[in-house]
Protein chains: 2
Amino acid sequence: MTEAEFLATLRALPLHPGARDLRDDAATLGELVLTTDTLVEDVHFLPTDPAGDVAWKLLAVNLSDLAAKGAVPEGVLLNLPLSEDGWDRAFLAGLAAALAAFGTRLIGGDTVSLPGGAPRVLTCTAIGRSARAPARSGARPGDQLWVTGTIGDAGPGLAAARGEIDSPDLRDAYRRPRPRLAEGRALGQVVTAMADVSDGLLIDAARMAAASGLAVTVRLEAVPLSGAYMAVKGADRAARLSAVTAGDDYELLFALPAGVAPPVAATWVGAFAAGEGMTLTDAGESLPLPGRLGWEHDGGAGVAD
Amino acid sequence: MTEAEFLATLRALPLHPGARDLRDDAATLGELVLTTDTLVEDVHFLPTDPAGDVAWKLLAVNLSDLAAKGAVPEGVLLNLPLSEDGWDRAFLAGLAAALAAFGTRLIGGDTVSLPGGAPRVLTCTAIGRSARAPARSGARPGDQLWVTGTIGDAGPGLAAARGEIDSPDLRDAYRRPRPRLAEGRALGQVVTAMADVSDGLLIDAARMAAASGLAVTVRLEAVPLSGAYMAVKGADRAARLSAVTAGDDYELLFALPAGVAPPVAATWVGAFAAGEGMTLTDAGESLPLPGRLGWEHDGGAGVAD
């Protein structure tokens, strides 16, 4: 079955009210925010990625979901495979560094053996606290769409990690994303909707609009690109289309009423309106939507949430 | 590295106070109890086990940890692989049945693709509420050791699941364990220490004694065996030694002050005293300890926690 069918079946199970219909970055339980993500070797990371970077990414992608709910991390549970001595040691050293960098602690977990030759599968469940936990579904007509940081680095970053292009900055963007925890806490108090950009700016914006029962316009020319990205891909329309569909950015995408300035550095990239669907413009010109808005999880290769 | 080395390194990381030094069945966060367990195909279940039974077992082993902390389930997060159509459908049907049987709900999760041919890896994180959450480490000198239900069925149950012996009852004990949720809630109010028997009665009793800073005596002749077990293995000393080292029982092992009767059906199987280490007796005769007290997770085959 496709992931969409699988998810539809899960949604028909008895759901906790805090599950938010399995459509948000995270679940809520009182003031607690709960999220979990699994990384699979050869799907979400490369066998050649340094083990310490895999530990970093495992924590980062989960803490990014907490950031998107304005949450302060409380602790993480980790489900880890015993694998090969050198890899395990480097992984655990990277884990120590990442816990320190993100200011969080281990609260539980499980360690398992895998059959010989099986790809590593690693799960993190992160728990945070947020007084408000903005939903993906809270945007209102007239709200503007904003994004933190820059978009698109992880796409060519995967090529850099594979050695196909030479850019340590892009490679690190792919291997060591930085969850926007401080920004998320500040934004959590004021936004009407928020999500992290894990699958691609376009698809995550489309999901926010659909969840909010609105239409959204994205202004391609406004999408912020990094110097490292432009050095490799340029900044023309094709480069911008590639950036907004690449995924693995872990920036925060959020909605604010028109006229309200965000309390953190961010770029205005679009707006919500009554209606449905997505419109893509480039300097005022309406563009056809690309065939693929981002990662939909049905494929198995490359960068997936 | 061995699992013991791996765990020692994890314990040296920044730990949340609710982590209980990663030595208990579950972590605590206020009144919440958190636990997570991963099942790996060909390690914790057989590729030939029905998918619906795998769903049942995934929930059951986690809810058993909640039972051991006297907790009422609040919800589960599930990290699931997309695999093959028929398997996925049967798994999801089994999941619906298990959620209903255990009276709990889905609160979140993640769905991933695995590389072709990779063994399935499934994770459940269960959250419950318990006003008290008795620790594994709370036994006191003079306390008596008790266990619910019967011990040892899952050992020959694995052989039954492999078709090596014919016993549907034992096979089901292996495939569809029943977490002792109601018993755990009643016991949680009165016990001094509690754990579930996941790796074997002897090793789990030894861990409870070590965590409590005490010695423990286990009375082999008192260990309760099922009719199905005795029909296949008998009830002599060898059969009893096999039962107490087999694991995957998911019964509750607990300590109560001498003279206090448990509020649920249970069997008195031993006692704690000042000192350290384990003594095994059979009708008053002291026995040498078996070389292996249960599953220590370093092996990869068969029944492991």
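Readers should treat all values here as calculations from the given coordinates under stated rules, not as data from a laboratory. Note that the structure is predicted; figures quoted are calculated from it, not measured. Cβ placement follows ideal geometry from the backbone for every residue including glycine, while neighbour counts extend to all protein chains displayed.
A few remarks follow.
- Overall, the protein assembly as shown carries a charge dipole of about 1480 debye about its Cα centre when +1 sits on the Cβ of Lys and Arg and -1 on the Cβ of Asp and Glu, all other atoms neutral.
- Nearby aspartates and glutamates by direct alpha-carbon distance to residue A:69 (threshold 14 angstrom, same-chain neighbours under 8 apart not counted): A:24, A:25, A:31, A:183, A:196, A:251
- Neighbour-count ranking [beta-carbon atoms within 10 angstrom, fewest first] of A:203, B:107: A:203, B:107
- Coupling constants for the range B:94-110 follow from the phi torsions by the Karplus curve (6.51 cos²θ - 1.76 cosθ + 1.60, θ = phi - 60°), and in residue order they are x, 5, 4, 5, 5, 4, 5, 4, 9, x, 10, 9, 7, 10, x, x, 8 Hz; glycine and proline get x.
- Residue A:93-residue A:258 FRET efficiency (beta carbon distance; Förster radius 45 Å; 0.05 resolution): 0.40
- Prolate/oblate/rounded call for the range A:3-129, Cα gyration tensor, a/c under 1.5 rounded: oblate
- From the alpha carbon centroid of the range B:168-231 to that of the range A:79-152 is 34 Å.
- Each Cα pair under 8 Å and six or more residues apart adds its sequence gap; the mean of these over the residue count of the range B:6-125 is a relative contact order of 32 percent.
- Sequence-distant contacts, meaning Cα pairs under 8 Å at least 6 residues apart, place the relative contact order of chain B at 23 percent.
- Calculated FRET value between residue B:265 and residue A:237, using beta carbons and R₀ = 56 Å, to 0.05: 0.20
- Net charge of neighbours whose Cβ lies under 9 Å from the Cβ of residue B:226, counting Lys and Arg as +1 and Asp and Glu as -1: -2
- All-pairs Cα distance distribution in chain B, expressed in whole percent, bin size 10 Å: 6, 28, 36, 23, 6, 0
- On the beta carbon distance between residue B:276 and residue A:283, with R0 = 56 Å, the FRET formula returns roughly 0.15.
- When its C-alpha radius of gyration is set against 2.2 N^0.38 Å (N residues), the protein assembly as shown gives a value of 1.02.
- Selection from A:83, A:63, A:48 lying farthest towards where the dipole of chain A points positive, charges on Cβ: A:63
- Mean separation of Cα contacts under 8 Å (6+ apart) over length of the range A:144-287, as relative contact order %: 43 percent
- Think of each Lys and Arg Cβ as +1 and each Asp and Glu Cβ as -1; about the Cα centre, that makes the dipole of the range A:172-282 roughly 200 debye.
- Per-residue mean of foreign Cβ neighbours for B:42-49 is 2 (Cβ atoms of other chains, 10 Å radius).
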